[in-house]
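What follows is a single structure, and I will ask about it in a moment.
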Amino acid sequence: FKRIIVVTNQQGIGKGLMGEPDLQAIHHTLQVDIAQKGGKIDAIYYCPHLASTHCSCRKPKTGMALQAQNQFPDIDFKHAILVGDSLTDLQMGAQLGMQNCLLLGKSEYISEHYFNVACLNLWEFYHVLSKKFTTK
């Protein structure tokens, strides 16, 4: 992939369960661990707001994805793949015309309308990527 971007709702900050420095430490550890294994994350965007605030950045709204596109103008959502485990993830991807992969595991029902492929985990996604997705 040319870019790997993480967008994550983190209302634990809004609830006071953790602070932004705590989340930044988690993100830093994630990036270091992935880099040590030869991978990369180009950027991480998070929404700290409570769901009840109806902000423009909280998924399923597209604010974080648009922030990423602003920082990386070469991002073309029509040629992007969203990997997510919740309906709000997939709704954001669908709004932007992305191809969506549902990571299975949560108990919520998600209509097949919202995803192109479903995988048990990222390892399976890696193996089916070339078979299921095209980036024309």
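The values are calculated or read from the model by the stated rules, or taken from the named source; none is laboratory data. What you see is a predicted model, and the numbers here were worked out from it, not measured in a lab. Glycine also receives a Cβ, built like all others from the backbone with ideal geometry; neighbour counts cover every protein chain displayed. Areas reflect the complete protein model, heavy atoms only, side chains present, ligands, DNA and RNA absent. Shrake-Rupley method; radii C 1.70, N 1.55, O 1.52, S 1.80 Å.
Please identify the longest segment of the chain free of exposed chymotrypsin sites (Phe, Trp or Tyr not before Pro), where exposed means a DSSP state other than H, G, I, E or B and no more than 14 other Cβ atoms within 10 Å. Can you show the working numbers first?
Working: sites that count: 1, 109.
Counting at most 14 other Cβ atoms within 10 Å as exposed, the longest clean stretch of the chain is 2-108.
Helix-only mean residue ellipticity at 222 nm, the chain, DSSP H runs n ≥ 4 weighted -39,500 (n - 2.57), per residue, nearest 500. What is it? Walk me through the numbers before you get to the answer.
Values: 5 runs with 50 residues, N = 136.
Theoretical 222 nm ellipticity from helices: -11000 deg cm²/dmol.
Send over the Kirkwood Rh of the chain, from the inverse of the averaged 1/r over different Cα pairs, rounded to one decimal Å. Please report the intermediate quantities before stating the final value.
Details: mean 1/r = 0.0632 Å⁻¹.
One over the average 1/r among Cα pairs gives 15.8 Å for the chain.
For each cysteine in the chain, check whether another cysteine's C-beta sits under 4.7 Å from its C-beta; list those where none does.
55, 101, 119
Measure out, as a whole number of angstrom, how far apart the alpha-carbon centroids of the range 29-54 and the range 65-136 sit.
Centre-to-centre distance over Cα atoms comes out at 16 Å.
Now for a separate question. Can you send over the carbon and sulfur percentage of the accessible area for the chain, probe radius 1.4 Å, protein chains only? Walk me through the intermediate numbers first.
Numbers: 4640 of 8460 Å².
Answer for the chain: carbon and sulfur cover 55 percent of the accessible area.
With the cut-off at 1.5 for a/c, could you classify the range 34-99 from its C-alpha gyration tensor as rounded, prolate or oblate?
Verdict is prolate for the range 34-99.
Taking θ as phi - 60°, what are the ³J(HN,Hα) couplings along the range 55-70 by the Karplus curve (6.51, -1.76, 1.60), each to the nearest whole Hz, with x for Gly and Pro?
Going residue by residue, I get 6, 8, 9, 6, 4, x, 5, 9, x, 5, 5, 5, 4, 4, 5, 5 Hz, with x marking Gly and Pro.
Full-extension gain between residue 79 and residue 2, please, as 0.36 nm times their residue separation minus the C-alpha to C-alpha distance.
Details: separation 77, 0.36 × 77 = 27.72 nm, distance 1.08 nm.
26.6 nm is the gain from fully extending residue 79 to residue 2.
Given charges of +1 on the Cβ of Lys and Arg and -1 on the Cβ of Asp and Glu, with all other atoms neutral, how large is the dipole of the range 1-63 about its Cα centre, in debye to the nearest 20?
Values: 8 positive and 4 negative charges, 64 e Å.
So the magnitude is around 300 debye.
How large is ³J(HN,Hα), in whole Hz, for each residue of the range 77-89 in order, when computed from phi with the Karplus curve 6.51 cos²θ - 1.76 cosθ + 1.60 and θ = phi - 60°, using x for Gly and Pro?
3J(HN,Hα) across the range 77-89, in whole Hz: 4, 5, 10, 10, 10, 9, 10, x, 10, 9, 4, 5, 4.
Got a number for the accessible area of residue 127? Probe 1.4 Å, square angstrom, nearest 10.
Accessible area of residue 127: about 90 Å².
Considering only protein heavy atoms, what per residue accessible area in square angstrom results for the chain with a 1.4 angstrom probe?
Details: 8460 Å² over 136 residues.
Per-residue value: 62 Å².
Let me ask you something else. Karplus couplings for the range 97-113 from phi (6.51 cos²θ - 1.76 cosθ + 1.60, θ = phi - 60°), rounded to Hz, Gly and Pro as x?
Working through the residues one at a time gives x, 6, 7, 10, 10, 8, 8, 6, x, 6, 8, 6, 7, 10, 4, 4, 4 Hz.
Let me ask something else. Report the label-to-label distance for residue 107 and residue 124 in nanometres (one decimal), using points 7 Å from each Cα along the Cα→Cβ vector.
Taking the simple label geometry, residue 107 and residue 124 are separated by 1.9 nm.
From the Cα gyration tensor of the range 1-47, with a ≥ b ≥ c the square roots of its eigenvalues, which class applies: rounded if a/c is under 1.5, or else prolate if a/b is larger than b/c, or else oblate?
On the way: a/c = 4.06, a/b = 1.82, b/c = 2.23.
Because a/c hits 1.5 or more and a/b fails to exceed b/c, the range 1-47 counts as oblate.
So who's got an amide H within less than 5 Å of the one on residue 83, skipping anything under 5 residues away but keeping other chains? H placed 1.01 Å off N, in plane.
When sequence neighbours closer than 5 places are left aside, the close amide H contacts are 101.
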